[in-house]
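The values are calculated or read from the model by the stated rules, or taken from the named source; none is laboratory data. Computed from a predicted model, the values in this text were never measured in an experiment. Positions of Cβ are generated from backbone atoms using ideal geometry, with glycine treated the same way; all protein chains shown enter the neighbour counts.
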Amino acid sequence: MASAGSGVRELIDAHYDSLYRYAYRLSGSSADAEDLTQEAFSKALARLPQLRDPDRAKGWLFRILRNAYLHRARDERRHRTIPLDSVADLADEAGDDPAPEVDPARLQEALNDLDETFRTPVILFYFEEFSYREIAEQLDLPIGTVMSRLARAKAYLRGRLAPPAESVADGPRRASDGLH
Amino acid sequence: MDCTSARLLLALRRPGGAAELSAEDAADLDRHLAGCPGCAAAARRQDGFDRAVAAAMRAVPVPAGLRERLLAETLARRGAIWRRTVAESATAAALVVVAVLAVAAGVLQFRPALDTDRLADAQGQAIEQPERAVRDFLQAQGLPAALPRDFNFALLDAPALGFEEIDGRYVPRVVFRLPPQPGAARPDFAKVYVVRKGLFRLDKDKFRTTQNSFCNVITVPDDGSGVGYVILFTTDTLDPFLKPGARDVTRADVRPRPERPAA
């Protein structure tokens, strides 16, 4: 990068929208998302010399943003989340129906109720299509733990978001019932 | 591949692809799905659900003007960081300057004061008690208090006691001066250099006239006291600088001196 100024401008241009969307899905609030995005870029600016490989800027920024979010969440302790102990890893026997439409608002409600340890990997999985290995690096977790959490979070989302008729009849709904 | 293995691999697939599977696993899974309607249906359901969730996950409208606000705020912070860095650097530099000045002030503060009274007393003693002044001076340098001849201390010159640099080495010396003689260009003088052992190699005790000068030289080697002497004088003999009645014994190789220029 030529300089701190041009470096930050390039980072913002390349990543501000995906970073904002990530922040929104993490926080569930547009105001918080904008604040988090701003905070992430500000911290990135201060730590810019640490970014040795520009190709890893996206993961680096996402990690900074998640840490900022966790810091705020710890301060606010506002999330009342659902434990996923009773959710099966695989809940996929739902018949041969066409792909459901998922309402983004309902998705956000489901995410808001999900513990951050499950919410973050599932957001990264669906939203930014990080690989399992990249998610594991982001979260400082073993890849097996990431895969396990992803499976349970996906099962939880299927239970929350699948059409009611299907949910009543099949496993995912039963799994999610245990969360309420 | 059986159905259990196929379902496990399905769980690892990403929306729209098999990026997390090895090529071999992906090929095995595709072969199984081609022949297993149940697993193929499960794969379609999972892919459909994953695509739907992924689309909903990305469906976050980005606020208008967000990029500009981020740029403005971040660049403003960059300016603040830069100003703070400059301020911190300036503060650090100022602290260094203050520290240097403080040290300098301390050094200046703790320099010994020049005791002008003592200086005046010493000068007064040199005038009133010249022999004692010479003795004190030599003893202060750790040298024998006595000179090698019986000098007339009444002839002690005003700036008599001090050091001369000889070949980069400072040598204590005492200067005697005769009263000005009518017609003489300058008063005759005698300088007694006190040379510590090891500082220079001295000739044996002798009296000689130097070439092309008006000075005679007497060298007095170290006699065990740790010092030798060099007496340089402008008269024919050292006698005029000695006390009344005293005579210098080192005259062996006196040579005629060149004519002195008239006044």
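May I ask you to say which residue of B:212, B:216 is modelled with pLDDT under 85 and either aliphatic (A, V, I, L, M) or buried (at least 18 other Cβ atoms within 10 Å of the Cβ) (or both)?
Details: B:212 fails: either aliphatic (A, V, I, L, M) or buried (at least 18 other Cβ atoms within 10 Å of the Cβ) (or both).
Exactly one of B:212, B:216 is modelled with pLDDT under 85 and either aliphatic (A, V, I, L, M) or buried (at least 18 other Cβ atoms within 10 Å of the Cβ) (or both), namely B:216.
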Matching entry among A:44, A:68, A:14, A:23 (being part of a helix (DSSP H, G or I), buried (at least 16 other Cβ atoms within 10 Å of the Cβ) and more than 10 Å from chain B (Cβ to nearest Cβ))
A:68
Please specify each residue of the stretch B:44-61 satisfying the condition of being buried (at least 16 other Cβ atoms within 10 Å of the Cβ) and either more than 9 Å from chain A (Cβ to nearest Cβ) or in a loop (DSSP other than H, G, I, E, B) (or both).
B:60
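Going by what's in this entry, would residue B:171 be described as modelled with pLDDT of 90 or more and either closer than 22 Å to residue B:125 by Cβ or part of a strand (DSSP E or B) (or both)? Steps first, please.
Details: modelled with pLDDT of 90 or more: no; either closer than 22 Å to residue B:125 by Cβ or part of a strand (DSSP E or B) (or both): yes.
It is false that residue B:171 is modelled with pLDDT of 90 or more and either closer than 22 Å to residue B:125 by Cβ or part of a strand (DSSP E or B) (or both).
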Quick one: would you say residue A:127 is at pLDDT 85 or above, outside the structural domain of residue A:42 (by TED's automatic domain parsing) and among the aromatic types (Phe, Trp, Tyr)?
no
Quick one: residue A:81 ticks every box in (1) at pLDDT below 90; (2) surrounded by fewer than 21 Cβ atoms within 10 Å (Cβ to Cβ); (3) within 12 Å of chain B (Cβ to nearest Cβ) bar one, so which box is it?
(3)
Using beta carbons and a limit of 7 Å, which pairs, at least six apart or on different chains, have the first residue in the stretch B:139-150 and without any contact (Cβ under 8 Å) to a residue 40 or more places away in the chain and aliphatic (A, V, I, L, M) and the second one surrounded by 12 or more Cβ atoms within 10 Å (Cβ to Cβ) and assigned to a helix (DSSP H, G or I)?
B:145/B:135; B:145/B:138
I'm trying to understand the selection: among the residues of the stretch A:130-161, which are surrounded by fewer than 17 Cβ atoms within 10 Å (Cβ to Cβ) and within 11 Å of another protein chain (Cβ to nearest Cβ)?
A:131, A:133, A:143, A:148
Residue B:149 - would you say it is part of a loop (DSSP other than H, G, I, E, B), charged (D, E, K, R) and at pLDDT 85 or above?
yes
Name the single residue that is nearest to the other protein chains (Cβ to nearest Cβ) among those in the stretch B:1-43 being part of a helix (DSSP H, G or I) and among the polar types (S, T, N, Q).
B:4
Can you tell me which residue is modelled with the lowest pLDDT among those in the stretch B:2-35 that are buried (at least 16 other Cβ atoms within 10 Å of the Cβ) and over 24 Å from residue B:53 (Cα atoms)?
B:25
Residue A:32 vs (1) surrounded by 21 or more Cβ atoms within 10 Å (Cβ to Cβ); (2) within 17 Å of residue A:119 (Cβ to Cβ): all pass except (1)
Exactly one condition in (1) part of a helix (DSSP H, G or I); (2) more than 9 Å from every other protein chain (Cβ to nearest Cβ) is false for residue B:64; which is it?
(1)
